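Here is the structure we will look at, set down as structure tokens.
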Amino acid sequence: MIVCFIFTSVRLTTNRIGMNKIYMKYSMLLMCGLFCIHSVAQQNVPLKLWYDKPAVKWEEALPLGNGRLGTMLYGNPQQEELQLNEGTVWAGGPNNNINPVTATVIPEIRKLIAEGKYAEAQAIADKNVHSLNDGMPYQPVGSLFIGFPQYKNVTNYYRDLNIEDAVATVSYEADGVKYKREVFVSFPDQVVIVRLTADKPGSITCTLSVKSPQKHTVRSEKNALVLTGITGDHEGVKGAVEFEGQFHAVTEGGAVSSDSLQVSITKATAVTVYISIASNFKNYRDISADEHQKALQYLQAALKKKYTVAISEHKKYYKKYFDRVKLNLGTTASVQKTTDVRLSEFATANDPHLAALYFQYGRYLLISSSQSGGQPGTLQGIWNHHLMPPWDSKYTVNINTEMNYWPAEVTNLSELHDPLFKMLDDLSHTGKESATKTYGARGWVCHHNTDLWRITDPVDGAHSWGMWPMGGAWLSQHLWEHYMFTGDVNFLKQYYHVLKGASQFFVDVLQEDPEHHWLVVSPSVSPENTYSYNETQRASITAGTTMDNQLLFDLFGRTIKAAEILKFDKPFADSLRQLKLRLAPMQVGKNSQLQEWIHDWDNPNDKHRHVSHLYGLYPSVQISPYRNPELFEAARNTLTQRGDVSTGWSMGWKVNFWARLLDGNHAYKLITDQLRPVGTNAGGGGTYPNLFDAHPPFQIDGNFGCTSGIAEMFVQSHDGALYILPALPDQWKDGEVKGLVARGGYEVDIAWKDKKITALKIRSKLGGVCRVRVHQPLKAGGKFVMKDAVGENKNPFYQVEALRAPIISPQAQLRKTTLPVSMLYDVSTEAGKEYTFVP
Ligand code: FUC
């Protein structure tokens, strides 16, 4: 039962010194709300993470960022800390990690694999595949501390992060004075701004100081501190990123002085601190920028703007992205509680608003960590306080980096995909060196990791991860997806060389599998998993894993289509067509599972976090209940065998899987598993108090994976139609979502009640036939013709490629797929027009 408010006028205010008032407002609302059951009225509970205590641990602090600068705000009244990052501050310097020894052993490894001597192949790979380095860590700049040691009696403490406008607030009372801090990382001005105010003139007395874990120096000017530093050496590569942070205080009233360690402010009425940071990084091979000048320019421009103008321009920029999507799943009494308490109660309480907040938080994190002109989000977005972060906080491209960008198109943040595309372009250059030197092939290749310097050879040895030449193949799919959602032919033209180069590599390295004569990748692994064979032996290295085959099916197919759309490169496209026919089909094994490997080695008790062979189900579009129900059922069996609880990102992926399996209740179950406080899922991940995803440790991919999974529960567009509410859970009977995007450039608004659509709007950006799948009859709500759909969908963005028939083990027992009854309608749309459908 959803209990919700009909009142639209009462808002939680940002300036919340007295929480009691809010509780009173809420109690009144709730009492009224009890009379309004089952209706999702205008939802005016703001999207905020809020707490009644300062952060003690980093994972309790609140993240702010503008795609280049990131900060974590602790909100301690006596000692504020802003932990700072800049997206190009990484250890090391320009390099690629190619070790010529790897090339010398690949032929032998291939030969042993072809002979079925997997353990022997593994031993040679483990012994010899050691790249010159395993990538450089992403590193912090340091922290700004603002000390107020004189506060003795702090009351009415409150802190929040308002994700509707990307501003954090801390407020409290100390010794009879009400204080407030407002912090944001300005998108237009490229600086962090901290505004300190009080309700009595002359009450702000504080000190500013800076610390950094890097090699650094700090000097002070009258009202400023300047931090200069250089990043660390790592695995034989000299630290070469020079950076500068300028911390400038503007006071209103009072006095300012400084010594070599700190700036002291006495009895000011208001203080605004501007933090400007820049590095010498220009691109992966050029670090000749002047960090001092860059930081100074940002600072000087920011200082010229009035605070009120700066904050309103910041909000305007942010809202341009954020406001494109609204999600209202209703509210319950839980919204009265602090975010950490709501998290701990989510699995048992009915708190649909927290799910909506978490979904929107994923969008907030993407807007804040990935902006055109900057670096793609790392394993931690742009928020990292370790010099040696887990997995170097770099780009793990056997799932994690891709997952970061899953919400980009569907949640209407398409432009934010751009840093990933720029990195792909870089990799298509650096990866040529790996293709040539390590494999003697044309094109480009990237293994399972890369970093700021765009390294492309194996990382962390061969094992079950390094010897996987598919990173470029997977990342390149994002180019195609961007085209499918935007129809941007110029974009396709600009990046065609990346798709082509990724394909070309495989044209040269594919090997014939001796048993079936399929063309397979060898050596490779099914990311991070191992198999046993011959009863006693174990290995990871093999040939022709299911995920590799699926990736190549997409890579070749999409390169061919791109060449067709661009009307060039026909001979190359034709050669790919030939090879594509010889790729291995998917196989269903004896345990009724989708086989992970070329042989039926799958262990039904395997709970491994990677479910790589379900790449074909999500994010790819190869497995469909309509086109290949056996694969659909086998995928469901695989997922059931793998179980639910796992690392954070794995659960995020599974939300998408269950949505694609059209099982909203199971998808919801995964959301409840993921939204548990870290440490409470035996053997799995969860969520930190600041709603960061926990692998553990913190990894941002799980946030993004769950966000895209929630979107997939409302709208899917990969299987020949625009499917409305394909996987709605019972918990979200009533709701409203606006602004999700479907392939072919359709923007979708849906309102539903008792799981039935009450209104559907589709805005067409590109025109074309829009084929809609729904679970109930609908009528046109305006002057346009709706026809019952027949035959293939003619819309080019809805074409689906036929697969080779799967091979099914005689022992497999696949259940018959039963699908909910659905209706298919076709509407001829015109670009720029909106179409309303009603029950
Ligand atoms: C992959 C995963 C790990 C972790 C790491 C960063 O290697 O298997 O679980 O997420 O990336």
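Packing order of peptides 96-109, 375-388, highest average first: 375-388, 96-109 (average count of other Cβ atoms within 10 Å over each peptide's residues). Roughly how far apart, in whole Å, are the Cα centres of the stretch 768-839 and the stretch 599-644? The stretch 768-839 and the stretch 599-644 have Cα centres spaced 23 Å from each other. For LYS319, the lysines whose Cα falls under 16 Å of its own Cα, not counting residues fewer than eight places away in the same chain, are LYS48, LYS738.
For LYS152, the lysines whose Cα falls under 16 Å of its own Cα, not counting residues fewer than eight places away in the same chain, are LYS53, LYS178. Cross-link pairs exceeding 28 Å between alpha carbons, from the set LYS305/LYS394; LYS127/LYS437; LYS200/LYS337; LYS320/LYS833; LYS222/LYS316; LYS315/LYS755: LYS305/LYS394; LYS200/LYS337; LYS222/LYS316; LYS315/LYS755. Charge tally for LEU662 (other residues, Cβ to Cβ under 15 Å; Lys, Arg +1; Asp, Glu -1): +4. Here the translational diffusion coefficient of the stretch 165-219 follows from Stokes-Einstein with Rh set to the Kirkwood radius across Cα pairs; for 37 °C and 0.692 mPa s it amounts to 239 µm²/s. Pairs of Cα atoms in the stretch 44-85 fall into 10 Å distance bins, from 0 up to the last occupied one, in shares of 27, 49, 22, 2 percent. Taking 0.36 nm per residue of sequence separation and removing the Cα-Cα distance, the ILE807/SER532 pair yields an extension gain of 96.9 nm. Calculated mean residue ellipticity at 222 nm for the chain: -9500 deg cm²/dmol, from DSSP H runs with n ≥ 4 weighted as -39500 (n - 2.57), summed, divided by the residue count and rounded to 500.
Taking 0.36 nm per residue of separation and subtracting the current Cα-Cα distance, fully stretching the chain between ASP574 and VAL56 would add 180.5 nm. As a proxy for reagent exposure, ranking LEU670, LEU819 by other Cβ atoms within 10 Å from fewest up yields LEU819, LEU670.
Residues of the stretch 343-374 falling in the label zone of PHE491, defined by backbone nitrogen less than 19 Å from a point 7 Å along Cα to beta-carbon, are 363-364, 366-374.
Of the GluC sites (Glu not before Pro) found in the stretch 493-598, the ones in coil according to DSSP and having at most 10 other Cβ atoms within 10 Å of their Cβ are GLU535. For the chain, the normalised intensity computed at q = 0.05, 0.06 Å⁻¹ comes to -0.27, -0.39 (log10 of I(q)/I(0), Debye sum over alpha carbons, equal scatterers, no solvent).
The trypsin sites (Lys or Arg not before Pro) of the stretch 219-288 that meet both conditions, a loop assignment by DSSP and at most 15 other Cβ atoms within 10 Å of the site Cβ, are LYS222, LYS238, LYS282, ARG285.
Within the stretch 594-694, report the trypsin sites (Lys or Arg not before Pro) that DSSP leaves as loop and that have at most 14 other Cβ atoms within 10 Å.
Sites meeting the loop and neighbour criteria: LYS607.
Under 17 Å of direct C-alpha separation, and excluding same-chain neighbours fewer than eight residues apart, LYS500 reaches these lysines: LYS422, LYS432, LYS561, LYS567, LYS570, LYS580. Our estimate of slack between GLU792 and ASP508, defined as 0.36 nm per intervening residue step minus the Cα-Cα distance, is 98.7 nm.
Here the label points at LYS111 and ASP730, each 7 Å from Cα along the C-beta direction, are separated by 6.1 nm in the simple model. The antiparallel fraction among DSSP beta bridges confined to the chain stands at about 95%.
Here, each number is a calculation from the coordinates, and none is a lab measurement. This is a predicted model, so every value here is computed, not measured. Note that each Cβ is placed from the backbone with ideal geometry, even for glycine, and that neighbours are counted across all protein chains shown.
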